[in-house]
Amino acid sequence: MVHTAVFAVCAAASVAAGVAVFRVDSMARATLALLASFVLAAITLLLLDLSYLGVLVILMMTMEMMIMIVFMIMYMMNPAGLMPMTMVHNNRGALAISLAVFAALVTGIFLVPWPDTRPGTPADPTLQLAEAIMGSKMLVMMVIGMVLFATMVAATVLSTARGRYDRYGDRLRRSRPDDPIRGGVGR
Amino acid sequence: MSLELYLLLAAALLTVGLYGALSQQSIVMLMMGLELMLNGVIVAAGAFWFYASADRPDGQVLVLVVVTAMAVEMAMGFAVTTAIFRSRDVDMVDSATDLKD
């Protein structure tokens, strides 16, 4: 009973916070609303005995949204939300498509005959996950590792203002880098 | 609680995110919509694990993959935003339509 009440409150609040992301004027507030939506959705995961994954999502999203606030304030023209603004295109079309998708998903949810019998939950779901990623699902973990490494390299390359080709020429043959301000003591 | 209720929550989160991804003009707000969509997938995968296959770890591994996808999406999204803003002062999706031509 308590579980159901907590789920209902968290689910409703999570969706409401998700809607608020696109309704508030301030970019910092939008990011914090997104954080609230993530944390409330993660609490519903905690109700499913997924203690490790729930806490992982909460911690990761808290860090991610703190970084996101910085980027939001950097890139938005109205970061403080001092004046009302809407930055949407094709609002009605997007609303119609979203509602149609929601209706289709709800129809599917209630029409599909889901399995009635619930398999027994393992004594320790975290141990089950740990044994899986170190055993039968190790390939998934290895791919995730490679993808994260590639992401780090690609993100650094994309966000670098002046790369080595700017500094050393297209053929990297320049003996001294072409920098706006030369480094070193004798500059 | 039941699987249907969890899937309803997931569907609601996914469609709110879809609305944001389709309607927002700012690249960063668009990414927020994408993150909300992935959040719905996380809830659905967790619920499927608990109600349909708790004896196997596949659902949990799927949640882990989606969480990673979220992190990668945010890192690459901000890197691309930084690159395009630096080179052309573009921070709106309407100004970045090169592939349309």
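The values are calculated or read from the model by the stated rules, or taken from the named source; none is laboratory data. Quantities reported herein were computed from a predicted structural model and do not represent experimental measurements. As a convention, Cβ positions derive from the backbone with ideal geometry for all residues, glycine included, and neighbour counts pool all protein chains shown.
Among the residues of the range B:49-65, which ones are surrounded by fewer than 22 Cβ atoms within 10 Å (Cβ to Cβ) and either more than 7 Å from chain A (Cβ to nearest Cβ) or under 18 Å from A:Val15 (Cβ atoms) (or both)?
Residues satisfying the conditions are B:Arg56, B:Asp58, B:Leu62.
Right, A:Asp25: within 26 Å of A:Pro125 (Cβ to Cβ), more than 16 Å from the chain's Cα centre (by Cα) and assigned by TED's automatic domain parsing to the domain that holds A:Ile69 or not?
Considered against the rule, which asks whether it is within 26 Å of A:Pro125 (Cβ to Cβ), more than 16 Å from the chain's Cα centre (by Cα) and assigned by TED's automatic domain parsing to the domain that holds A:Ile69, A:Asp25 comes out as no.
Tally the residues that are within 19 Å of A:Asp124 (Cβ to Cβ) and in a helix (DSSP H, G or I), restricting the search to the range B:46-61.
Our first condition is that a residue be within 19 Å of A:Asp124 (Cβ to Cβ); within the range B:46-61, this holds for B:46, B:49-51, B:53-61.
Of the ones still in play, those that are also in a helix (DSSP H, G or I) are B:46, B:49-51, B:58-61.
Counting residues in the range B:46-61 that are within 19 Å of A:Asp124 (Cβ to Cβ) and in a helix (DSSP H, G or I) gives 8.
Can you tell me how many residues within the range B:32-48 are closer than 17 Å to A:Met27 by Cβ and facing another protein chain (nearest Cβ under 8 Å)?
4
Output the residues belonging to the range A:31-51 that are free of Cβ contacts under 8 Å to residues at least 12 places away in the same chain and in a helix (DSSP H, G or I).
A:Leu46
Return only the number of the condition from (1) free of Cβ contacts under 8 Å to residues at least 24 places away in the same chain; (2) under 27 Å from A:Ala8 (Cα atoms) that B:Gly46 does not satisfy.
(1)
Conditions: (1) in contact with a Ser or Thr (Cβ under 7 Å, 6 or more places away or on another chain); (2) small (Gly, Ala, Ser); (3) part of a helix (DSSP H, G or I). B:Ala71 meets all but one. Number of the miss?
Looking at each condition in turn, B:Ala71 falls short on (1).
Suppose we filter the range B:53-101 for residues that are touching a strand residue (DSSP E or B) at 6+ places or on another chain (Cβ under 9 Å) and aromatic (Phe, Trp, Tyr); how many remain?
Result for the range B:53-101: 0.
So which pairs qualify, if the first residue must be in the range A:149-168 and assigned to a helix (DSSP H, G or I), the second must be among the basic types (Lys, Arg), the Cβ gap must be under 6 Å, and the two must be at least 6 apart or on different chains?
Cβ pairs passing all conditions: A:Tyr168/A:Arg174.
Go through B:Met74, B:Met70 for me and flag whichever is within 11 Å of the chain's Cα centre (by Cα), more than 22 Å from A:Ala12 (Cα to Cα) and at the interface with another protein chain (Cβ under 7 Å from one of its Cβ atoms).
Checking each option against the conditions leaves just B:Met74.
Only one of (1) more than 7 Å from chain A (Cβ to nearest Cβ); (2) more than 30 Å from A:Leu48 (Cβ to Cβ) is not met by B:Ala79, so which one is it?
Here B:Ala79 meets the rest and fails (1).
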